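Have a look at the structure below, then the notes.
The values are calculated or read from the model by the stated rules, or taken from the named source; none is laboratory data. Remember, predicted model here, so these are calculated numbers, not experimental data. Cβ placement follows ideal geometry from the backbone for every residue including glycine, while neighbour counts extend to all protein chains displayed. SASA here: full protein model, heavy atoms, side chains in, ligands and nucleic acids out. Shrake-Rupley method; radii C 1.70, N 1.55, O 1.52, S 1.80 Å.
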Amino acid sequence: MSARRLLAWAILIAAVLFFALPLIGMFEFSLRARRGTWSLDAYANVLKDPQFLGTLAYSAVLSVVTIVLGILIVVPTAFWVRLKFRRFRPVVEFITVLPLVIPPIVIVFGYLRLYNTSSWLPLTGSTTGTDLLLSLGYVTLSLPYMYRAIDNGLGAFDLKALTEAAQSLGAGWGRILYRVILPNVLVAVLSGAFITFAIVIGEYVFAALMNRPAFGPYMVWTGSNKAYEPAALAVVAFGLTWGAMGLLQLAATLSTTGLSKTRLSKTRRTR
Amino acid sequence: MGHLDLVHLEKAFGATRVVEDFTLSIAEGEFISLLGPSGCGKTTILRMVAGFESPSAGAIRLAGADISGLRPRERNIGMVFQSYALFPNLTVRQNIGFGLEVAGLPKPEIAPCVDEMLALIGLDALGGRYPFQLSGGQQQRVALARALAPRPRVLLLDEPLSALDAQIRVSLRTEMRAIQRELGITTLFVTHDQEEALSISDRVVVMNKGRAEQTDVPFAIYNRPATSFVANFVGALNTLEAVIENATGGHVRIADLTVPLGRQLQGQKGDSIRLAIRPESFRHGAGAGGDIVLPAVLEDVHFLGSVIRIRARVAGQLISVDSFNRPDQPPPPVGATTALRLSASDILVLEAS
């Protein structure tokens, strides 16, 4: 084995250890709830805690609402920007990355100032209103990922030609979006949706400051009050996130296959 | 008044004028080709008729009614795109039925229409396939069927054959013309391929820099080009530099040869002019006829099967001569001297350019 190859292996092993050791340590610690032996007691405690399922279900429902709102906002926007307002693309891209630059605490304080009970739109005056506001906040947080995923999806086929073909066949904008565009960016939409799911499940700042029973604040609360359960909860949360990432990977693989099919259909030149 | 009238159509993008004072009247059932180089405005005209671009000035009239202000979906004009533009998420049947579905036809009525279209394009067995499972030629046929299914008032073809290989292009253009004749649909076809335009059109519009240079039947476009651009763009052409010797009598001098053109010329004695001659207008060898004789030295001879292509030097200028292969007359040897014959009517006088 050459020295160069050896160095490559050494770097790889160091990187794996750097990332894996804390996780292994955490997992091993989560099994120590019973003195002197490994057990799944901490996991059992977490799973039988009604707050666990309650907060997880709340965050899951909220993530679905966030995904739906995100799709309704991002798909027509990205479609319109690519089709008619290409010169505004850099501006829109800049706006969509702002949530990565502005800290969530600044965004949530902005929301609370704008939509508190004495404002023109008192969303925080009711539970449903606050939940909606929280969802909209999550849409903002997931915007950079959702927009990029869908924008890339729209770039994978000849958007202009398909739109014009549908128009010449009599279709209006609604039908074009629903029947032609959305089915062709479905895989990209799924990618964006899984990232959104992962963000919403772990988010703490928005939910805590709006005082909603989400999974993120529950994890923090458990961490500050119990010994072994936080480690078990972190492993469960990792499992959920990794599950979402796995689905994302699957979607990406399908997307690549779909893309090659589309390219094939665009460029094939023989009978 | 025709079925489709384009009246003094203009289109400008900022300061760039892409289409200038374009007028064309198309009769019902006519097949018209817009032929020209890239950037001559032919596709812009097609897109204005489809409704994807709005004219800066002028009117588009369909059956007498001005449709310039209508949205694309309100025009009932079918279009076939160069990139096929089939919906990748729909099967062949669903693609063809899309326009009918949009028009609100009930499903039981859509099915027989789709069957009819599939039979028309000869793809009856492939209705269940997705576009990516079809070849380029098959996809373009489906695109044609999809455009025709809602019975449009006009069919627009935007370079539909350019993405296909040569063999498929020839067979598909013949099929397209046959279908167009069968349905009697008014068709506007955009191409930069002169052979395509000449072979399938009722009339050809040769375009240059946003203007129509000549609108005529293919035979006239080729044999009686109205401008120097048309003469050069359509078909191969030899140009010979000449000097007017007698304008009234129609005599010109090519080097030390005096050539009678048999027509009055514009200009004065001593003016330079350019003569244009198609390669196939020359005749040579035993039994060749023609009132003008040009001595030539053969510099290169290419045997292409049905055609023999000769590069010859006439009065110091290099020209190309095409003649049909005849089994009893082998190609002349390189370096030989021969007499090229042609008729005065075969010589075009190009205006100063």
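Of B:38, A:104, B:290, which is farthest towards the positive pole of the protein assembly as shown's charge dipole, taken about the Cα centre with +1 and -1 on the beta-carbons of Lys, Arg and Asp, Glu respectively?
Checked the options; the winner is A:104.
Please compute the length gained on full extension between residue B:23 and residue B:297, using 0.36 nm multiplied by the number of residues separating them and subtracting their Cα-Cα distance.
On the way: separation 274, 0.36 × 274 = 98.64 nm, distance 4.68 nm.
Gain on stretching residue B:23 to residue B:297: 94.0 nm.
Using only the Cα atoms of region A:77-213, what semi-axes does the equivalent ellipsoid have when each is the square root of 5 times a gyration tensor eigenvalue? Give whole Å, largest first. List each step's numbers first, then the result.
Numbers: eigenvalues 219, 52, 43 Å².
Whole-Å semi-axes of the equivalent ellipsoid: 33, 16, 15.
Separation between the residue B:181 and residue A:23 pseudo-spin-labels, each 7 Å from Cα along Cα→Cβ, expressed in nm?
Modelled inter-label distance: 7.0 nm.
Roughly speaking, what is the stretch gain from residue B:313 to residue B:56, that is 0.36 nm per residue apart minus the C-alpha to C-alpha distance, in nm to one decimal?
Numbers: separation 257, 0.36 × 257 = 92.52 nm, distance 4.99 nm.
Here the answer is 87.5 nm.
Kirkwood hydrodynamic radius, computed over distinct alpha-carbon pairs, for region A:1-150: how many Å, to one decimal?
Numbers: mean 1/r = 0.0499 Å⁻¹.
One over the average 1/r among Cα pairs gives 20.0 Å for region A:1-150.
Considering every residue in B:86-99, what mean count of other chain Cβ atoms within 10 Å of its Cβ is obtained?
Values: counts 5, 10, 13, 12, 4, 0, 0, 0, 1, 2, 0, 0, 8, 6.
Across the residues of B:86-99, the mean count of other-chain Cβ atoms within 10 Å is 4.
Just going by the charge dipole of region B:75-203, with Lys and Arg at +1 and Asp and Glu at -1 on Cβ, which of B:132, B:201, B:148 is farthest out on the positive end?
Ranked along the dipole, the leading option is B:148.
Show that you can apply the helix-only estimate: for the protein assembly as shown, add -39,500 (n - 2.57) for every DSSP H stretch of four or more residues, divide by all residues, and state [θ] at 222 nm to the nearest 500. Please report the intermediate quantities before stating the final value.
On the way: 19 runs with 291 residues, N = 624.
Helix contribution divided over all residues of the protein assembly as shown: -15500 deg cm²/dmol.
With a 1.4 Å probe and all protein chains kept in place, how do A:160, B:11 rank by accessible area, largest first? Kindly include the intermediate steps, with their values, before the conclusion.
Values: A:160 100, B:11 25 Å².
Greatest to least solvent exposure: A:160, B:11.
If you consider only alpha-carbon coordinates, what radius of gyration and Dmax does the protein assembly as shown have, in Å?
Here Rg and the maximum Cα pair distance are 35.8, 122 Å.
Count, for each residue of B:132-138, the Cβ atoms from other chains sitting within 10 Å of its Cβ, then give me the mean as a whole number. The partial results should precede the final answer.
Details: counts 9, 3, 4, 5, 7, 4, 2.
Counting other chains' Cβ atoms within 10 Å and averaging over B:132-138 gives 5.
Search the structure for amide H atoms under 5 Å from the amide H of residue A:203, placed 1.01 Å from N in the peptide plane, and list their residues when 5 or more places away or on another chain.
Residues meeting the criterion, in which the H sits 1.01 Å from N, are A:216.
Rounded if a/c is under 1.5, else prolate if a/b beats b/c, else oblate: with a ≥ b ≥ c from the C-alpha gyration tensor eigenvalues square-rooted, which is region B:82-189?
Numbers: a/c = 1.73, a/b = 1.26, b/c = 1.37.
Oblate, since a/c reaches 1.5 and b/c is not below a/b.
For chain A, what is the convex hull (Cα atoms) projected area averaged across all directions, in square nanometres? Please list the in-between numbers first.
Working: hull surface 91.0 nm².
Averaged projected hull area, Cα only: 22.8 nm².
Loop sites only, by DSSP: take the chymotrypsin sites (Phe, Trp or Tyr not before Pro) in chain A that have at most 11 other C-beta atoms within 10 Å and name the longest stretch containing none of them. Show your work: numbers first, answer last.
Numbers: sites that count: A:38, A:120.
The answer is A:121-271.
Quickly work out the residue A:49-to-residue A:92 label distance, labels modelled 7 Å from Cα along the C-beta direction, and quote it in nm with one decimal.
Those two pseudo-labels are separated by 4.3 nm.
With the contact rule set at Cα under 8 Å and sequence spacing of 6 or more, what percent relative contact order holds for chain A?
Working: 256 pairs, mean separation 70.3, N = 271.
Normalised by residue count, the contact order of chain A is 26 percent.
Work out from phi, with θ = phi - 60° and the Karplus expression 6.51 cos²θ - 1.76 cosθ + 1.60, the ³J(HN,Hα) of each residue of region B:202-218, listed in order in whole Hz, and give x for Gly and Pro.
6, 9, 10, 10, 8, 10, 8, 6, x, 10, 7, 7, 7, 10, 6, 6, x
Sum up the charges of everything whose Cβ sits under 10 Å from the Cβ of residue B:4, counting Lys and Arg as +1 and Asp and Glu as -1, but leave residue B:4 out. Kindly include the intermediate steps, with their values, before the conclusion.
Working: positive: B:61, B:153; negative: B:5, B:28, B:30.
Value of the local net charge: -1.
Determine ³J(HN,Hα), in whole Hz, for all residues of region A:116-121 in sequence, where each value follows from phi through the Karplus function 6.51 cos²θ - 1.76 cosθ + 1.60 and θ = phi - 60°; x replaces Gly and Pro.
Once θ is set to phi - 60°, the couplings for region A:116-121 become 6, 5, 9, 8, 6, 10 Hz.
Compare B:92, A:187, A:91 by solvent-accessible area with a 1.4 Å probe and give them largest first, with all protein chains kept in place.
Working: B:92 5, A:187 45, A:91 80 Å².
These residues rank, largest area first, as A:91, A:187, B:92.
How many partner chain Cβ atoms sit within 10 Å of a residue's Cβ in peptide A:155-167, on average, as a whole number?
Numbers: counts 0, 1, 5, 5, 0, 4, 8, 8, 3, 9, 15, 7, 10.
Per residue, the number of nearby Cβ atoms from other chains is 6 on average.
Excluding the sites themselves, what is the longest stretch of chain B that contains no GluC sites (Glu not before Pro) in a DSSP loop with at most 14 other C-beta atoms within 10 Å?
Values: sites that count: B:28, B:351.
Free of exposed loop sites, the longest segment is B:29-350.
Using the basic label-point model (7 angstrom from Cα toward the beta carbon), what is the residue B:195 to residue A:114 distance in nanometres?
Each label point lies 7 Å from its Cα, and together they span 6.3 nm.
Given charges of +1 on the Cβ of Lys and Arg and -1 on the Cβ of Asp and Glu, with all other atoms neutral, how large is the dipole of region B:104-215 about its Cα centre, in debye to the nearest 20?
Numbers: 13 positive and 14 negative charges, 55 e Å.
Here region B:104-215 has a charge dipole of around 260 debye.
Determine the per residue accessible area of the protein assembly as shown with all protein chains present and a 1.4 angstrom probe, expressed in square angstrom. All intermediate terms of the calculation are to be shown ahead of the outcome.
Details: 30040 Å² over 624 residues.
Ligands and nucleic acids excluded, the result is 48 Å² per residue.
Across region B:305-314, in residue order, what do the Karplus-derived ³J(HN,Hα) couplings come to in whole Hz, using 6.51 cos²θ - 1.76 cosθ + 1.60 with θ = phi - 60° and x for Gly and Pro?
Ordered by residue, 3J(HN,Hα) equals x, 6, 10, 10, 10, 10, 9, 10, 9, 10 Hz.
In degrees from 0 to 90, rounded to the nearest 10, what is the angle of the helix B:92-102 Cα long axis to the longest principal axis of chain B?
Helix B:92-102 and the main axis of chain B meet at about 70 degrees.
First compute the accessible area of region A:40-260 with a 1.4 Å probe, then give the percent of it belonging to carbon and sulfur atoms. Kindly include the intermediate steps, with their values, before the conclusion.
On the way: 7360 of 10450 Å².
Roughly 70 percent of what the probe reaches on region A:40-260 is carbon or sulfur.
Quick one: angle between helix A:89-101 and the longest Cα principal axis of chain A, in degrees between 0 and 90, rounded to 10, please.
10 degrees
Just the number, please: carbon plus sulfur as a percent of the accessible area of chain B, 1.4 Å probe, no ligands or DNA/RNA counted.
Numbers: 7720 of 15210 Å².
Reported share for carbon and sulfur atoms: 51 percent.
How much net charge surrounds residue B:253 when only other residues with a Cβ under 13 Å from its Cβ are counted (Lys, Arg +1; Asp, Glu -1)?
Numbers: positive: B:269; negative: B:241, B:245, B:256, B:271.
For residues surrounding residue B:253, the net value is -3.
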